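Report on the structure given below.
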Amino acid sequence: MSDDTIEGVRPYHGPAGGWGALKAVGRALADQKAVVEGGRSLLHANKPDGFDCPGCAWPDPKHTASFEFCENGAKAVAWEATSKRARPDFFARHSVTELLSWNDHDLEDVGRLTHPMAYDHASDRYLPISWADAFDQIGGALRALESPDQAEFYASGRASNEAAFLYQLLGRKFGTNNFPDCSNMCHEPTSVALPDSIGLGKGSVTLEDFDHADLILCFGHNPGTNHPRMMATLREAARRGAAILVFNPLRERALERFASPQDPKEMATLTATPIASHYYQVAIGGDAALVEGVMKCLVTRDEEARRSGAEPVLDHGFIAEHTLGLEALAAHLAGLEWPAIEQRCGLERARIEEIATIYARSKAAILCYGMGLTQHRNASSSIHQLANLLLLRGNIGRPGAGICPLRGHSNVQGDRTVGVWEKPTEAFLAAMDRVFGIVSPRRHGHTVVEAIEAMEQGRAKVFIGLGGNFAIAAPDPGRTCAAMRRLELSVHVATKLNRTHLLQGRASLLLPCLGRTEIDLQAGGRQAVTVEDSMSMVHASRGLNTPAADTLLSEPAIVAGMARAVFGPDDPVPWEDLVADYDRIRALIEAVLPELFSGYNDRIRVPGGFRLPVGPSERVWKTASGKAHFLPLAPAADPRRGQGDVLLLTTLRSHDQYNTTIYGNDDRYRGVFGRRDVVFVNPADLAARGLKAGDLIDLVAAFAPSGQRAVRGMVAVAMDLPRGCVAAYYPETNALVGLDDRDERSGTPAYKSAPVRLSAAA
Ligand SMILES: Nc1nc2c(c(=O)[nH]1)N[C@H]1C(S)=C(S)[C@@H](COP(=O)(O)OP(=O)(O)OC[C@H]3O[C@@H](n4cnc5c(=O)[nH]c(N)nc54)[C@H](O)[C@@H]3O)O[C@H]1N2
Ligand SMILES: Nc1nc2c(c(=O)[nH]1)N[C@H]1C(S)=C(S)[C@@H](COP(=O)(O)OP(=O)(O)OC[C@H]3O[C@@H](n4cnc5c(=O)[nH]c(N)nc54)[C@H](O)[C@@H]3O)O[C@H]1N2
Ligand SMILES: [Mo]
């Protein structure tokens, strides 16, 4: 397919990785003028004596002796370790109204925030404020609320365990469970659905398991861009001869072939390692149907095998000892018709039978998945199907087997472990009450979408954001941005300027914090923080760079400052002492969660840290019955999706972005350079509308009243996608995602299957 005539669109024929990746790192460091500091920093990313890379939550290999190359980790570090600064004189030169006209890249590219700033309506500018005055203003605003539930405590998943624990202590002591967090937009279906299936909302595998798997199933994740260090693991597995099955509507280059920048031979000979042994271009939102099809094959073949005395296909010993619910699942599968399965997943029965054959032959299988599975209506129920598939052959809780959700932010899993959760367990709250002598609220708090609704309706008046870019990451910016403008006070703890900071209500504060790469010096000396990766490994992270400004405070110090201002000088929590030495915060985390964190301060001093207990890894199922559960698929919530001329839009990350942070405008592996205003479409879907590649098109949300939600003037780019599926970049296309279009169970927006109509640009 040729798009040669579209400016900036040209096919990329090479493998992922390779020289292109090395060149991109050089460019990122140069652009950010971060060569010296960033270059030194890179050598310490994910090393026992260094800091945890803010790029992703993939774990580190035990033998961290060699420098693990990661292009996008390098970009994340360079972006934070930049020598550019957004100082008060910058804010004096530019009004907030003017800054709102800047794009997301240019806003963050101003550089690191250096001073606490407060919005001034008269001049429409952010002006400097002292830390003490900022804290007083926050304390006053919170104390003035009629109900603690009028405050929203948002967290993005970069905060350390220490910052997150103090943050949830502040909110709970204040009296609310309103902790919307980025997990609500990300892996929440994992957090709510996996506990039903296996008793824990986290992955069950360790990195070592990948050395023993003979089959790896990759559903809806793009590791070449989003978890680049995982490519080393997949490459090793492929070279060993493990089968790697990929399920993705797009043909992602890194999942096809990868050249390791660490392999002198591949670099010198321009060769690459094939990754996927089999590539299945499942239709958007079709994964649960596909997995049901595979399970239907397995169950049928097992019945046949038993009748004929052949070796069974299912692991009956495991099923009998460890599970409940197979009969109901089997009955459900028996009732499914093949044409419906084929139609829903976009794959023919023969290919589904092929998957079943490969899976049935495997002795140890790992199933990995990302946002392609979690950001849909009915996503929680789809996650149950992934667990079902593994349980059928006893593929959880033994070497080389298990489930591997690929988490997003580098500490999003840890933040949840230490209490940033709008629906905390009674056991956690009781422990908080015991340790702190408080009465924590029992009412559930708001998810991200519920927080937006509360702001919209005037039920929420104060918003505090511990990192992130709340309004731009959320769906439907029209409604979300208007909701932010109704606030009495918004407080943004941040490293860099973004659009959320510019949405003014009555008052706004911008509070600059240290980044993970920086030295964190407190009264008790140089501090380390701790983080938990996707595989439940907790380890220390120590910054090495000189802070971007000597006016910055650490996140724990900012949270403590707010808490002191809210609770007053007589509050019994020794906030200042806790910040002086983070060991004291960790001792409190251990006191609240002894079964997870016993010996916390000693164990993080061992290089590599320690693994939290993971029941399913030991075949311990903390479900109501004490067994793992087979659960049938819940009926799809909205039958209108994908009907008639409605297409399903999936919103993606380019290779040059970190969520709402846009490093640059290239998406190398998908062949797009210097622009992001593209929509990837199957040429037949274009032709059916009298359109062709290169045409200017409009996308309109299919079921929004009066076509209000639209993204106009995009360029159509031909792509090998299943019919009825289109793809475009996030956050530019978030207007097409409805706030109420979400997974019922978890509240996660359906960012990966927005129903849209496509037409020539008006
Ligand atoms: N460099 C970089 N690293 C990151 C991030 C970043 O933005 N940049 N973000 C971080 C965060 S917070 C997260 S959550 C992770 C995200 O990491 P991923 O989960 O890899 O995120 P996405 O880019 O959203 O891509 C998901 C993949 O799902 C596919 N897909 C879309 N719809 C479907 C579907 O219906 N079914 C299937 N099977 N596949 C589908 C897409 O084609 C794409 O390949 O990465 C983290 N790491
Ligand atoms: N359409 C669509 N929307 C999506 C998604 C999608 O796939 N499609 N993905 C969703 C997902 S998975 C997620 S996780 C969310 C992400 O939502 P968020 O986590 O809210 O967004 P980020 O873009 O990661 O936040 C970037 C900002 O974080 C701040 N920051 C960076 N480092 C630090 C730090 O160390 N400390 C502090 N305090 N601040 C820091 C900077 O100011 C930066 O501007 O977006 C969601 N939105
Ligand atoms: Mo995420």
Long-range neighbours under 6 Å by Cβ, at least six apart or interchain, first residue closer than 15 Å to R619 by Cα within the range 180-207, second charged (D, E, K, R) and in a loop (DSSP other than H, G, I, E, B): G199/K622
Residue list for the range 468-486, restricted to those being closer than 24 Å to V559 by Cβ and not in a helix (DSSP H, G or I): G468, N469, A474
Of all residues in the range 181-200 being assigned to a loop (DSSP other than H, G, I, E, B) and within 15 Å of ligand 3 (Cβ to nearest atom), the one that is nearest to the chain's Cα centre (by Cα): C186
Residues located in the range 204-238, provided they are within 20 Å of the chain's Cα centre (by Cα), assigned to a loop (DSSP other than H, G, I, E, B) and either away from ligand 1 (no atom under 16 Å from the Cβ) or over 12 Å from P59 (Cα atoms) (or both): S204, V205, T206, L207, G220, H221, N222
Qualifying residue in the range 574-582 (condition: in contact with a strand residue (DSSP E or B) (Cβ under 7 Å, 6 or more places away or on another chain) and of a type in the set (A, V, I, L, M, F, W, C)): yes
M117, sole failed condition from (1) within 28 Å of the chain's Cα centre (by Cα); (2) surrounded by 21 or more Cβ atoms within 10 Å (Cβ to Cβ): (1)
Single match in G241, G220 (criterion: under 19 Å from S277 (Cα atoms) and within 16 Å of ligand 3 (Cβ to nearest atom)): G220
Every residue from the range 149-172 that is over 23 Å from T530 (Cα atoms) and either in contact with a Phe, Trp or Tyr (Cβ under 8 Å, 6 or more places away or on another chain) or outside any helix (DSSP H, G or I) (or both): A151, E152
Residue list for the range 716-726, restricted to those being over 15 Å from R675 (Cβ atoms) and assigned to a strand (DSSP E or B): A718, C725, V726
Criterion (among the hydroxyl-bearing types (S, T, Y), within 16 Å of ligand 1 (Cβ to nearest atom) and out of contact with any strand residue (DSSP E or B) (no Cβ under 8 Å at 6 or more places or on another chain)) met by exactly one of S156, S191: S191
Single condition G465 does not satisfy, out of (1) outside any strand (DSSP E or B); (2) within 16 Å of ligand 3 (Cβ to nearest atom): (1)
Of the criteria (1) crowded, with 22+ Cβ neighbours inside 10 Å; (2) modelled with pLDDT of 85 or more, which one A34 fails: (2)
Only one of A560, A540, A548 that is under 14 Å from C53 (Cα atoms), hydrophobic (A, V, I, L, M, F, W, C) and in contact (Cβ under 8 Å) with a residue 12 or more places away in the chain: A540
Pairs, first within 10 Å of ligand 3 (Cβ to nearest atom) in the range 405-421, second aromatic (F, W, Y) and part of a loop (DSSP other than H, G, I, E, B), C-beta under 9 Å, six or more apart: L406/W58; R407/W58
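The values are calculated or read from the model by the stated rules, or taken from the named source; none is laboratory data. Given the structure is predicted, the values throughout are model-derived calculations rather than measurements. As a convention, Cβ positions derive from the backbone with ideal geometry for all residues, glycine included, and neighbour counts pool all protein chains shown.
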